[in-house]
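Contents: one structure, followed by commentary.
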Amino acid sequence: MRRILARVVALWLFCVGLMVGSVGHAQTDFKVTLLGTASPSPRADRFGPSTLVEAGDQKLLFDAGRGVPIRLRQLNVPLGKINVLFLTHYHSDHTSGIPDVWLTGWLQGAYARRTSPFHVIGPVGAKALMSNLEKAYALDIKIRLEDEKLPPEGIATVVEEFDKDGSVYEKNGVKVIAFAVDHGLAIKPAVGYRIEYKGRSVTISGDTRYDQNVIKYGTGSDVLIHEVGSARPELLATSIPVQRIIAHHTTPREAGTVFSQAKPKMAVYTHIVLQSSEKISEPTLDDVVAETRQSYSGPLTVGEDLMSFEIGDTVTIRRYKP
Ligand SMILES: [Zn+2]
Ligand SMILES: [Zn+2]
């Protein structure tokens, strides 16, 4: 009965979200699209973590997990049009798509065509990552320069690192603020980002446990995109590896506490970590919503790949339609 109720409430809230969004129809040039909403486990329906923020003439990518070029192609956003890639931390599920975005984005197809350097901004570690990728792919770069005569400036990299909270990017009215988050003692650095444009904002938690800093930077955001991790109680009680994983993430109830305090116009789940074993199934998305409802009653959307949020007077949610 409780599960049915949770399902009805979730559906109702989703519909309300769509209706709220469709009332204003205000034109906006501030939009967020979830490119990948999974955690490391390979899935066909959810690709690796990545979020596209389009604000004015800027296209900013936050993390580049598995499959980003495919998702951008589905949106008809050429890889070469990405202005900056921001990194939250160095777990491979957030970075494994970087060589694909960087190298494929240099090719001459209409889906790519980058002719200026690939710009990366991240916490300390970004420079080592990119310079090692340059070494790993040196032969490909050499071959394409000689053989395809691709423009050398299109494969160059510009990498900026930071080591404290604050503004890390400002251009054409778009400001990006980085803030430290707590992804676990051994997983440092780890950051989230707040993106501001025309008096509105989006906050992306990055991978984190419950952290007051997300509330501090996320408060007043139109859209607060948060990670979440969950396992059934009987699995959590018996599996040490699962305990370890869940300890690095935010439970639905904790995320609800973050949302209750930050009060976004729309709270959104991404990076949905659902643990299971051979005997115990993963929690359902309805379970995740029901647990969130123990600590939060405001607008909530469980993110899907290619779901977008247009940020105007209201937040308009759109599911992907090919
Ligand atoms: Zn992750
Ligand atoms: Zn992580």
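Every number here is computed from the coordinates shown, using simple stated rules; none is lab data. None of the values given here were measured: they were computed from a predicted structure. Glycine also receives a Cβ, built like all others from the backbone with ideal geometry; neighbour counts cover every protein chain displayed.
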Computed for the stretch 168-281: size of charge dipole around the Cα centre, +1 on C-beta of each Lys and Arg, -1 on C-beta of each Asp and Glu, debye to nearest 20, value 280
Could you order the peptides 209-220, 277-288, 63-74 from most to least packed, using the average number of other C-beta atoms within 10 Å per residue?
63-74, 209-220, 277-288
What's the local net charge at V120, with K and R +1, D and E -1, over the other residues with C-beta under 12 Å away?
-3
Applying 1/(1 + (r/R0)^6) with R0 = 25 Å to the Cβ-Cβ distance of D147 and S92, what FRET efficiency is obtained, to the nearest 0.05?
0.25
Looking at the chain, do any whole DSSP H helices span at least 30 angstrom along their long axis by alpha carbon and average 1.0 or above on Kyte-Doolittle, and which?
2-24
Taking just the alpha-carbon atoms of the stretch 66-172, what radius of gyration and Dmax come out, in angstrom?
13.9, 44
Can you pull the three principal axis extents for the Cα set of the chain, in Å, largest first?
66, 48, 38
Find, among the chymotrypsin sites (Phe, Trp or Tyr not before Pro) in the stretch 281-322, those assigned to loop by DSSP (not H, G, I, E, B) with at most 15 other beta-carbon atoms within 10 angstrom.
Y320
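Tell me the net charge near S230. Cut-off is 14 Å between Cβ atoms, S230 excluded, with +1 for each Lys or Arg and -1 for each Asp or Glu.
Working: positive: R209, R232, R253, R293; negative: E227, E234, E254, E282, D286, D287, E291.
Summing Lys/Arg as +1 and Asp/Glu as -1 gives -3.
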Alpha carbon centre of the stretch 145-205 versus the stretch 96-140: separation in Å?
14
Taking every other residue with Cβ under 12 Å from the Cβ of H94 and scoring Lys and Arg +1, Asp and Glu -1, one gets -3
Multiplying the sequence separation of R73 and T115 by 0.36 nm and subtracting their Cα-Cα distance, what value in nm do you get?
13.3 nm
